[in-house]
Amino acid sequence: MAADGVDDNRAEGPVPPGRESLPWHVPELPEESITDDLPAAVAEAARRAFDAREAGARVVGLIADRTLSRRRHQQRVLTFVDGDTTVEISISPRAGSLCLRLHVSPPVNGTDVEVRHGGATVHGSLDSLGEVEFQALRPGLLSVLLQPAGSRASTLQTSWVRVSASG
């Protein structure tokens, strides 16, 4: 047991049965904290988060979020990675809406793309370079689904990000 009270099972060699390490630590909680009611808004947000995820899709994690300034325009560039697949999304504000340019590497021509955002869901397909562009998207939460055409490869979904028309 470490000085901070956390069981430290990282010693070399076999771990005795019943003493396997867990990838997380769950602290002891007083009984009264477990029985408190969950606020309705938190429960509703949790339900919506699960509903917003495509069943069976692998979530592509966000690894970079940067802003590029070019003359009078600002562009937000989001990079998501899952294994060998990289999804780069460039978002530029255009007259109160958003322009989204998507690049997937390695490219799979004909991959179906679905953009879920603050407005109606929009659809497109990747070209031979692994690119597609969408215009007039609404600000708010955004996620992209990728389904390789004619392939048994898994559907990929980017994690949800909040985007704005102000750059």
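Since every read-out is calculated from the coordinates, none of them should be taken as a lab result. Since the model is a prediction, treat every value here as computed from it, not as a measurement. With ideal geometry, Cβ positions are generated from the backbone for all residues, glycine too; neighbour counts draw on all protein chains shown.
Quick notes
- Calculated from the alpha-carbon coordinates, the stretch 57-163 shows an Rg and a Dmax of 13.1, 43 Å respectively.
- Normalising the average separation of contacting C-alpha pairs (under 8 angstrom, six or more residues apart) by the number of residues puts the relative contact order of the stretch 57-163 at 24 percent.
- Efficiency of FRET from Cβ geometry, ASP37 and ASP65, R₀ 30 Å, rounded to 0.05: 0.30
- Selection of trypsin sites (Lys or Arg not before Pro), the stretch 36-127, meeting DSSP coil and at most 16 other Cβ within 10 Å: ARG53, ARG71, ARG72
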